[in-house]
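The values are calculated or read from the model by the stated rules, or taken from the named source; none is laboratory data. Values in this document were obtained by computation on a predicted structure and should not be read as measured data. Here the Cβ positions follow ideal geometry from the backbone for every residue, glycine too, while neighbour counts run over all protein chains shown. These area figures cover heavy atoms from the full protein model, side chains too; ligands, DNA and RNA do not enter into them. Shrake-Rupley method; radii C 1.70, N 1.55, O 1.52, S 1.80 Å.
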Amino acid sequence: MSRTVLVALALLASTAAFPTAAQVTNSKPQPVPFADTIPAPVDTPYPGTITLNVDASDPTQGLFKVTQRIPVAKAGPTTLLYPKWLPGHHSPSGPVDKVAGLVFRANGKVLPWTRDKVDMYAYHIDVPEGAAAIEISFTYLSATKPNQGRIQMTPEMLSLQWNTVSFYPAGYFTRGIPVAATVKYPTGWTAYSGLPATATGATYAYQQTDYETLIDSPTIAGKYTRSWPLSERVSLDVVADTPDELKATPEQIDAHKRLVTQAVKTFGAQHYDNYHFLLSISDNLGGIGLEHHRSSENGVDTGYFTNWNNQVPARNLLPHEYTHSWDGKFRRPAELWTPNYSVPMRDSGLWVYEGQTQFWGYVLQARSGLVSKQDTLDAYAYIAANYDNTPGRAWRPLIDTTNDPIISQRRPKGWTNYQRSEDYYNEGLLVWMEVDSILRQQSGGKKSIDDFARAFFGVRDGDWGVLPYTFDDVVATLDAIQPYDWRGLLTARLNDTSDRAPLSGFTNNGYKLVYTDQPTNYLKQIQKNYGRIDATHSLGLGTDDKGAISTVIWNSPAFKAGLDVGDAITAVNGAAFSGDRLNNAIRDAKTNKTPIRLLVKAGDLYKDIAIDYHEGLRYPRLEKTGKGETGLDRLLAPRP
């Protein structure tokens, strides 16, 4: 047989084995069905009290050792949940990945468990006949390096969040699940919480409560601590890296006292029986700002008291978190309240929850004198300029940024000003500043946003439950204060896109945004405290003090020159990089036609870049335009 015939026979065999495309029908699979085996929460009391014991006595490795006893109503299939959707986080961010060594027992025997195939926070077990309770043991492995998450335990202090060290039964509203908790802290440490406790040596037994309140009552504890009463109901409880960090002056504590006084005068009610500012001053414990009904978790770097005059930006944290007692905890968007931590939250109301809280945080810092009026005005200018130069506003409406906690969960972004981020905070502030200015104009100066605060947040004094609201409720409250097309205004601000930020709240209230060649004191402190070089409103870039680029503004001169986040500037006009050299080059280019030359390292490559920019340094500030006392002046003035 010839070679030609052999090849022909092989081709025939190949054709028979592999039919042509016209003869093949693509496979069309069908989904594998699954049943939702997690019971929906029902508003009925849970039959029995959970006991929870946490051993946090050895802070050397960041380990929280947990034992928990959950009484059971009946034998058979049971689902236990680890908290997933956390209030204040606005996202499914419960750290279930840090649970290890998990064992369930009943009647002294280990129970097999299965994680739910759809909801990774749900665990299914089969409770045997005659079992009175499920015994749970595990270790919560808190982060030991920042790249693992927030540091919650150091040799000097710890931050205990109950959601990280407990499970709860599915099928019930969390407010109907009784729980009694104890914690063993390191010997000699002092602990603070909004939930009352009795200490026996190093062990704190916390007042029996419901699971919802427990989760809302975190603790801080430390070796070096101090507590200052700010009012009959409010205290400032501080843990620090060293005893020196606790040396607050009487004047500093008085400013915090005025914060409480001014907030109560502004809102007209208090939605707690006791309230604790839980403040950690540390370069080692992870920073935090998280709201609760009867406390707030606040973490700042060292120097809060001891370097007071240079810590202006850090002093906005407590006014913001305290405001949340009214806005976010007591009054809460209806879609953000959920009966347990498995039901998803819907975040569209964050423009009020966070946006108006951001608004009041700056107002209250000025009214109390915790931050000066001028520094507050300079902070407003910084916010206004940043949002007036956010190209992403042209394609992404403000309301969609309320989805960002779920979409990105605060992961780093390369082009934040074009992608947008959680802009409902500060652009929300701008919207509420506009609301204030319109209330003043339409009422001839008789009404302001203070009237909204009292009408919306200052009801039911002493109630620290949750009073939900909708968009319609916000509009109705504004209409009752001063008739206007509030629905149209707010709908436009939330849903429309625009090249520019809504700054009429400042212009209507007697101030305008301008740029000068000198940074404000507020901006100087941001640059110094966080190691930043801010050329965002000139070249369109920001770097750290070593030249690493952290920000590039979309369509700015830096962007058009091809610069990117992650690049590093190594030289400016032929000399080694420094912040002063970059600023001097920008200043000098205003009076000549020579481009600014940057030597940039991008990965393993070096690029010689010329930026033809000649408008000089530009730093934002607010300039007064009105005569006498303007609306913004009155807004920031202390309440008598």
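Residues whose amide H lies under 5 Å from that of residue 551, counting only those 5 or more places away or on a different chain, are 542; hydrogens are built 1.01 Å from N in the peptide plane.
Among beta bridges from DSSP that stay inside the range 250-371, the antiparallel ones total about 30%. Distance between the pseudo-spin-label points of residue 500 and residue 150 (7 Å out from Cα toward the beta carbon): 3.9 nm. Along the range 429-440 the Karplus relation, 6.51 cos²θ - 1.76 cosθ + 1.60 evaluated at θ = phi - 60°, assigns HN-Hα couplings of 4, 5, 5, 6, 5, 5, 4, 4, 5, 6, 4, 5 Hz to successive residues, with x for each Gly and Pro.
Note on the chain: Cα-only Rg and Dmax are 28.9, 111 Å. I'd like the distance separating the alpha-carbon centroids of the range 591-609 and the range 403-419, in whole Å. Their Cα centres are 29 Å away from one another. Annotation: amide H-H contacts under 5 Å for residue 240 (H modelled 1.01 Å from N, sequence separation of 5 or more, or interchain): 224, 281. Here the range 95-163 is treated as a sphere whose radius is the Kirkwood value from Cα pairs; by Stokes-Einstein at 37 °C and 0.692 mPa s it diffuses with a coefficient of 229 µm²/s. Note that the range 317-329 has calculated 3J(HN,Hα) couplings of 4, 5, x, 5, 5, 5, 4, 4, 4, 8, 10, x, 9 Hz, one per residue in order, obtained from phi through the Karplus relation 6.51 cos²θ - 1.76 cosθ + 1.60 (θ = phi - 60°); glycine and proline are x.
Between residue 560 and residue 337, residue separation times 0.36 nm minus the direct Cα-Cα distance comes to 75.8 nm.
Inter-label distance, residue 606 to residue 459: 6.7 nm, where each label sits 7 Å from its Cα along the C-beta direction.
Using helices alone, I'd like the mean residue ellipticity at 222 nm for the chain: each DSSP H run of four-plus residues gives -39500 (n - 2.57), total over residue count, nearest 500.
-7500 deg cm²/dmol
What percent antiparallel are the DSSP beta bridges of the chain, to the nearest 5? Beta bridges within the chain, antiparallel portion: roughly 75 percent. Sequentially through the range 191-203, phi angles give Karplus couplings (6.51, -1.76, 1.60; θ = phi - 60°) of 10, 10, 6, x, 8, x, 8, 10, 9, 10, x, 8, 9 Hz, Gly and Pro residues having no value and appearing as x.
The slack in the chain from residue 274 to residue 73, taken as 0.36 nm per residue of separation less the alpha-carbon distance, amounts to 68.9 nm. Full extension of the segment from residue 524 to residue 32, taken as 0.36 nm per residue of separation minus the current Cα-Cα distance, would add 171.2 nm.
For the range 485-554 and the range 193-272, what is the separation of their Cα centres, given in Å? Between the Cα centre of the range 485-554 and that of the range 193-272, the gap is 34 Å.
Looking at the range 546-640, the trypsin sites (Lys or Arg not before Pro) that sit in a DSSP loop and have at most 15 other Cβ atoms within 10 Å of their own Cβ are 546, 593, 627.
Rounded to a whole number, what % of the accessible area of the chain do carbon and sulfur atoms account for, probe 1.4 Å?
The computed percentage sits at 52.
Checking every one of the GluC sites (Glu not before Pro) in the range 596-639 against DSSP loop status and a limit of 12 other Cβ atoms within 10 Å picks out 629.
Of interest is the spacing of the C-alpha centroids, which for the range 171-186 and the range 616-630 amounts to 52 Å.
Once R0 is set to 35 Å, what does the formula 1/(1 + (r/R0)^6) return for the Cβ-Cβ distance between residue 61 and residue 253, expressed as a FRET efficiency to the nearest 0.05?
The calculated FRET efficiency here is 0.50.
Applying the criteria of a DSSP loop state and at most 13 other Cβ atoms within 10 Å to the trypsin sites (Lys or Arg not before Pro) of the range 458-526 yields 460, 500.
For residue 99, the accessible area of its heavy atoms, probed at 1.4 Å with every protein chain present, is near 30 square angstrom. Rounded to the nearest 0.05, what FRET efficiency is calculated for residue 575 and residue 544 with R0 set to 25 Å and r the Cβ-Cβ distance? Once the sixth-power term is evaluated, E becomes 0.85. Please tell me the relative contact order of the chain in percent, rounded to the nearest whole number, where contacts are Cα pairs under 8 Å and at least six residues apart. Computed over the chain, the figure is 11 percent. The residues of the range 281-329 have, on average, 23 Å² of accessible surface per residue, using a 1.4 Å probe with all protein chains present. Short-range pairs are left out: with C-alpha atoms under 8 Å and at least six residues apart, the relative contact order of the range 53-189 is 38 percent. Between the residues 193, 181, 132, the greatest Cα displacement towards the positive end of the dipole of the range 119-211, with unit charges on the Cβ of Lys, Arg, Asp and Glu, is found for 193.
Protection proxy ranking, highest mean first, for peptides 234-246, 391-403: 234-246, 391-403, where packing is the per-residue count of other beta-carbon atoms within 10 Å, averaged. Counting charges near residue 277 (Lys, Arg +1; Asp, Glu -1) among other residues having Cβ under 14 Å from its Cβ returns a value of +2. Computed over protein heavy atoms with a 1.4 Å probe, the accessible surface of the range 396-538 works out to 43 Å² per residue.
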